[in-house]
Amino acid sequence: MNWAAIRSIYLYEMSRFFRTLLQSFVSPVISTSLYFVVFGAAIGSRIDQVEGVSYGAFIVPGLVMLTVMTQAISNASFGIYFPKFIGTIYELLSAPINFLEIVIGYVGAAATKALFIGIIILITSFFFVDITIQHPLAMVAFLVLTCISFALLGFIIGIWAKNFEQLQLVPLLIVTPLVFLGGSFYSISMLPPFWQGVSMFNPVVYLVSGFRWAFFGLSDVPVLASLGAIALFTGICVGVIGLIFKTGWRIRE
C-alpha cells in the first residue's frame, strides 16, 4: 500500500475544503436553522410528538443524514471529476499507485468533509432542541459508514459525469427525493399500510432508521437490517469502482 500517494491525494482534497471553510461552516448552519424554523416551528406546532419524541428532536437525525449524504456525494464526485476535466487524471493513472489507493485518497477526503459538516449540523441542532443520544458509539458508526458509502457513490457519479450539470443530476433528482421520502421528517409507521410497504424499497429508510435508533432507541426497521443495507450498498459501490478501473470506462476516454 502506497501510503505516501494516499496522503498526498487526501491532503490535496482537504486543502481545497479548508480554502472555503467559512462557506462550509455558514451554509450548513443557515440551512439547518431554516429547516428547524420551517419543520420544527411550523409543522412542530401541529405535531407535538412522534412515538414519544418531540417533533423538533425527531427530525434531527433526518437533517444530519440529508446533509451528510448530499455533501459526501458532491465532494467525492467533484473531487474525481475535476482531474478528468483538466486532464490530470492521466498523471494518476500513470503513477505507480493502484486504483484502491486512488479511491482511498479521494473517498477518504470526501467522507471526512461530510463527517465534519454532519457534526456541525448536529452541534447546531442542540441550540434548537434538547437531544439525548442513547447510543453514541452506534451513532458515530452509522454516521461514518454513511459518509463512506455515499462518498463511494459520489466517486462513481464523478467518473460517470461528462459535464458539471450531470454532477448534480443524481443528488438533486434521485438522492434528495429518496431522503425526503425515506422517513427523514416522519415515521413511516404514520403512513397507510400500502405506502409503508413501498417505503421498504427505499434504501434511505434503513439508513435513517438505524441512525435515529442511535439517538432515541426507536426505529422503523430492525437495526441489523440497517447495518446490512449499509454493508450491501458499500460492497456494491466498491465492486462497481473496481470494475470501472479494470475496464477504464469513462476514465481513459
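The values are calculated or read from the model by the stated rules, or taken from the named source; none is laboratory data. No experiment lies behind these values; they were computed from the predicted model shown. Positions of Cβ are backbone-derived with ideal geometry, glycine not excepted, and every protein chain shown enters the neighbour counts.
Values computed for the structure shown
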| item | result |
| --- | --- |
| Flag if residue 41 is modelled with pLDDT of 85 or more, among the small types (Gly, Ala, Ser) and either closer than 16 Å to residue 215 by Cβ or more than 22 Å from the chain's Cα centre (by Cα) (or both) | no |
| Where a residue in the range 236-253 is loosely packed, with under 13 Cβ neighbours inside 10 Å and its partner, wherever it lies, is outside any helix (DSSP H, G or I), with Cβ under 9 Å and at least six apart | 243/249 |
| Whichever residue in the range 80-90 is more than 24 Å from residue 176 (Cβ to Cβ) and of a type in the set (Val, Ile, Thr) and, among such residues, is surrounded by the most Cβ atoms within 10 Å (Cβ to Cβ) | 89 |
| Within the range 1-79, helices (runs of 4 or more DSSP H) holding 1 or more residues that are buried (at least 20 other Cβ atoms within 10 Å of the Cβ) and touching a strand residue (DSSP E or B) at 6+ places or on another chain (Cβ under 7 Å) | 55-58 |
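Residue-by-condition table, conditions (1) hydroxyl-bearing (Ser, Thr, Tyr); (2) outside any helix (DSSP H, G or I):
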{"position": "206", "(1), (2)": "yes, no"}
{"position": "210", "(1), (2)": "no, no"}
{"position": "234", "(1), (2)": "yes, no"}
{"position": "241", "(1), (2)": "no, no"}
{"position": "252", "(1), (2)": "no, yes"}
